[in-house]
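Reading through the structure tokens given below for one structure.
The values are calculated or read from the model by the stated rules, or taken from the named source; none is laboratory data. Note that the coordinates shown come from a computational prediction; the quantities given were computed from them, not determined experimentally. No Cβ is skipped: glycine too gets one built from the backbone with ideal geometry, and neighbour counts run over all protein chains shown.
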Amino acid sequence: MINNIGIVDTRKVIKAINETYNYDFNDYALTSFKHRLIQFINNNNYNNIENFIQDILKNEINFEDFIDKILIDTTEMFRTPSFWRELRDKYLPKLASNRDLKIWIPHVTSGDDLFTLEIILFELGLSNNVHITVTGMSEKKLELIKKGGEYSLKKMEVGEANYKRYAGKFQLSNYYAVKNNYAYLDTSLIKNVSFKKGIITQDKSTSGFKLIIFQNHMIYFNQSLQDKVAITLIDNLVPAGILALGSGETLEYSSAMNKLQVIDKLEKIYKKKIG
Amino acid sequence: MEYKAVIIGGSAGSFQVVTKIISSLPKKYPLPVFLCLHRLKHIRSGFVEALSIKSQMPIEEPTDKQPIKSGKIYLAPANYHMYVELGNKFALSTEEPVNHSRPSIDLSFESVAYNYNRKAIGIILSGANRDGALGLKAIKNAGGLAIVQDPKECQVPTMTNASISATKVDHIFKTDEIIKFLLNLR
């Protein structure tokens with residue numbers, strides 16, 4: 001069992017991944033990436049890092065599985081209830097009033113934000129006014145979301161508590177069914193969604209969004225990747241379009257900030273400057 | 001200066017101790033002080049304000065990638081893990097809770113150990129679970145200094161006892177001794 005790996009070894013793994021699978025993790029935030037890497041290495045019963053690197057170079061690891069496990073998917077439904085309330089009360093009714101609201105949820109690692117948003121839209125009666133594009137790197141995770149996720153009941157309890165604080169109309173349990181101790185969200189909620197596999201920094205095919213929800217993904221990137229991703233997000237927003245980040249995130253230190261205006265400092269809501 | 005950072009971890013029964021410690025530190029304390037305290041995840045505001053009442057040092061909850069500065073107190077924000085990252089910055093994370101906790105004291109302490117090595121001081125206070133024990137061990141193993149609040153003085157001694165079992169701590173101090181020690185570092 002490996003308890004920790006140093007920077008040199010982490011860089012070696014990243015280099016091997018890049019050489020074999022042509023995907024670059026160099027600009028991921030180190031600490032969280034390392035945690036997931038250690039988990040992956042231990043779950044796959046490697047006793048030392050050299051063997052793991054050799055297997056990557058020989059293309060003997062399952063890269064889809066690696067991507068699936070390395071991406072952090074442990075957020076919550078209705079995480080930061082005050083943000084979702086604000087979105088419900090101040091933004092969505094206005095944005096969706098003329099039936100052509102395009103929303104992008106990029107780089108998904110779980111269905112949490114998608115289903116949260118869909119429940120809000122459903123309760124506002126706006127589901128049919130909206131089209132949502134969901135992109136993600138992990139095929140496995142996208143497939144899971146399409147099936148309504150597969151939530152432990154404990155995770156649903158967390159979601160239920162958040163939903164109460166959000167002050168929704170019903171109960172979260174109205175939106176899922178339990179089978180064999182797992183909760184599956186109602187897939188009729190996501191009829192207005194297109195799913196696409198894609199890497200965030202390479203995504204050029206999408207555009208014209210009025211709202212992009214990108215919560216708690218920037219934290220897993222270093223500053224330089226944050227800047228690159230911020231530019232991609234901004235490029236895909238219409239002028240005056242809205243970008244929502246997680247409550248602990250900020251673009252204050254980003255070179256992309258000159259293209260944005262902060263409209264809610266607490267909830268981390270930004271607006272694309274016009275022109 | 002021998003040290004570069006102080007990190008304090010606490011849970012049940014630690015609020016008054018933390019308040020007493022930070023209120024004793026002068027405005028221009030020469031080190032950054034990190035606080036990783038178990039807190040209600042859904043209450044985002046009020047904690048910094050409550051701690052600030054008696055503190056001369058400015059206190060804030062860092063955002064991701066915020067640069068670390070001496071003379072400031074940083075409180076791990078609700079429902080995030082707080083790490084010190086290379087380049088003297090913070091990083092936040094929504095990875096799974098550890099010891100049922102997010103923020104996890106172990107994870108914060110481990111990142112401090114990794115980045116500051118022997119220039120880190122870790123302090124574990126009163127608390128009702130074992131979070132922090134492995135983190136303090138990581139600081140000690142990296143050559144840093146491990147301090148534990150005297151379990152006899154703790155409202156709930158589970159956390160301090162777990163830390164003392166996990167590693168050979170340098171000092172077991174009462175609150176006043178912790179304060180005296182931190183002030184003597186100047």
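In region B:39-65, the qualifying residues are those that are charged (D, E, K, R) and modelled with pLDDT of 95 or more, and the one that is farthest from B:Asp131 (Cα to Cα) is B:Lys65. Considering region A:1-93, the qualifying helices (runs of 4 or more DSSP H), each wholly inside and each with 3 or more residues that are within 14 Å of another protein chain (Cβ to nearest Cβ) and without any contact (Cβ under 8 Å) to a residue 40 or more places away in the chain, run over A:7-21, A:30-43.
Note on region A:247-275: residues that are buried (at least 18 other Cβ atoms within 10 Å of the Cβ), outside any loop (DSSP other than H, G, I, E, B) and among the aliphatic types (A, V, I, L, M) total 3. Remark: B:Leu31 falls outside the filter, which requires a residue to be closer than 27 Å to B:Gly143 by Cα, at pLDDT 95 or above, at the interface with another protein chain (Cβ under 9 Å from one of its Cβ atoms) and not in a helix (DSSP H, G or I).
So, in region A:135-153, how many residues would count as being buried (at least 22 other Cβ atoms within 10 Å of the Cβ) and in a strand (DSSP E or B)? Within region A:135-153, residues that are buried (at least 22 other Cβ atoms within 10 Å of the Cβ) and in a strand (DSSP E or B) number 2.
Scan region A:216-246 for residues that are assigned to a loop (DSSP other than H, G, I, E, B) and farther than 21 Å from B:Gln66 by Cβ and jot them down.
A:Asn236
Per the listing A:Gln202, A:Gln226, the residue uniquely without any contact (Cβ under 8 Å) to a residue 40 or more places away in the chain, within 18 Å of A:Met137 (Cβ to Cβ) and crowded, with 21+ Cβ neighbours inside 10 Å is A:Gln226. Counting only strands (runs of 3 or more DSSP E) that sit wholly inside region B:62-146, those with at least 1 residues that are out of contact with any Phe, Trp or Tyr (no Cβ under 9 Å at 6 or more places or on another chain) and of a type outside the set (Ser, Thr, Tyr) are B:81-85.
Counting the residues of region B:49-65 that are within 13 Å of chain A (Cβ to nearest Cβ) and surrounded by fewer than 19 Cβ atoms within 10 Å (Cβ to Cβ) gives 1.
For (1) of a type in the set (S, T, N, Q); (2) at pLDDT 95 or above, each residue gets a yes or a no:
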{"position": "A:Lys204", "(1), (2)": "no, no"}
{"position": "A:Lys210", "(1), (2)": "no, yes"}
{"position": "A:Asn216", "(1), (2)": "yes, yes"}
{"position": "A:Ile219", "(1), (2)": "no, yes"}
{"position": "A:Leu225", "(1), (2)": "no, yes"}
{"position": "A:Asp235", "(1), (2)": "no, no"}
{"position": "A:Ile242", "(1), (2)": "no, yes"}
{"position": "A:Gly248", "(1), (2)": "no, yes"}
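Can we say B:Gly122 is at the interface with chain A (Cβ under 9 Å from one of its Cβ atoms) and of a type in the set (Gly, Ala, Ser)? Spelling it out, it is not the case that B:Gly122 is at the interface with chain A (Cβ under 9 Å from one of its Cβ atoms) and of a type in the set (Gly, Ala, Ser).
Note on region B:72-88: residues that are charged (D, E, K, R) and within 8 Å of another protein chain (Cβ to nearest Cβ) amount to 1. The criterion of being in contact (Cβ under 8 Å) with a residue 24 or more places away in the chain, under 22 Å from B:Thr94 (Cα atoms) and not aromatic (Phe, Trp, Tyr) does not hold for A:Ser127.
Of all residues in region B:147-157, those satisfying the criterion of being part of a loop (DSSP other than H, G, I, E, B) and either in contact (Cβ under 8 Å) with a residue 12 or more places away in the chain or polar (S, T, N, Q) (or both) are B:Asp150, B:Pro151, B:Glu153, B:Cys154, B:Gln155, B:Val156, B:Pro157.
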